[in-house]
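The values are calculated or read from the model by the stated rules, or taken from the named source; none is laboratory data. Quick caveat: nothing in here was measured; it's all calculated off a predicted structure. All Cβ positions, even for glycine, are placed from backbone atoms using ideal geometry, and neighbour counts span all protein chains on display. These accessible areas exclude ligands, DNA and RNA; they are computed on the full protein's heavy atoms, side chains included. Shrake-Rupley method; radii C 1.70, N 1.55, O 1.52, S 1.80 Å.
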Amino acid sequence: MADAMDLVAEQWRKERPELADALGAMEIFGRVQRMQRVYDRHFKKLSDEFGLNLGELDMIFTLRRSGPPYTLTAGAFAKAALVSPGAVTNRIDRLEDKGLVERVRETSDRRSVQIRLTGRGETLAVEALAAHLRDYEEILSPLDPQEREQVSSGLRKILTAQGDTALD
């Protein structure tokens, strides 16, 4: 089954046959870019369903996966999310207004603030994650388990070669 990138590559092969061997890279990156659109549509749907934007979803997922008591500092968020402390503060404010997180001050150091999921935030994180993973399964349903592992392995090799080896 052909996709849009097959058409683009075929057009280039006709126009510039000497580039035929190099077009494979363009096809891969073109497909990655098109998958970004699929990903964006998925997150728009998830955002609409749960009333949270991508940054807010990321924050509640990060808190939930951190393990009990589902608490991190604002600084840890900024580092993990590669966003400014101001952006993290804005996310925390919005999530706090929605009753999904709370700020908890350390008794020994009042300057240190922990962000913790509320019970409502934990419930929403679990429900949103289930919907998120269901959508991912649907998107990846054309691939069998071996194909999924091949795609994952190939992307891992590219990312680690580019220095993307940790969340921070």
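Some points to look at:
- Dipole of the chain computed with +1 at Lys/Arg Cβ and -1 at Asp/Glu Cβ about the Cα centre; of Gly75, Ile139, Ala20, farthest Cα towards the positive end is Gly75.
- Principal semi-axes of the equivalent ellipsoid, √(5λ) from the alpha carbon gyration tensor of the chain, are 40, 18, 14 Å from largest down.
- Angle of helix 4-15 to the longest C-alpha principal axis of the chain, folded into 0 to 90 degrees and rounded to 10: 40°.
- Size of electric dipole in the range 60-168: Cβ of Lys, Arg +1 and of Asp, Glu -1, about Cα centre, debye, nearest 20: 520 debye
- Solvent exposure of the chain amounts to 68 Å² per residue of accessible area, where only protein heavy atoms count and the probe is 1.4 Å.
- For the chain, carbon and sulfur atoms together expose 56% of the accessible surface, with a 1.4 angstrom probe and every protein chain in place.
- Compared with the dominant principal axis of the Cα atoms in the chain, helix 145-161 is inclined by about 80°.
- Mean Cα-pair separation over length for the range 1-144, i.e. relative contact order, pairs under 8 Å, 6 or more apart, %: 19 percent
- Mean residue ellipticity (222 nm) of the chain, computed from DSSP H runs ≥ 4 via -39,500 (n - 2.57), nearest 500: -22000 deg cm²/dmol
- Measuring with a 1.4 angstrom probe and ignoring ligands and nucleic acids, Val126 comes out at about 70 Å² accessible.
- Between Ile28 and Ser152, the FRET efficiency estimated from the beta carbon spacing at R0 = 22 angstrom works out to 0.90.
- Axis angle, to the nearest 10 degrees, between helix 23-50 and the longest C-alpha principal axis of the chain: 30 degrees.
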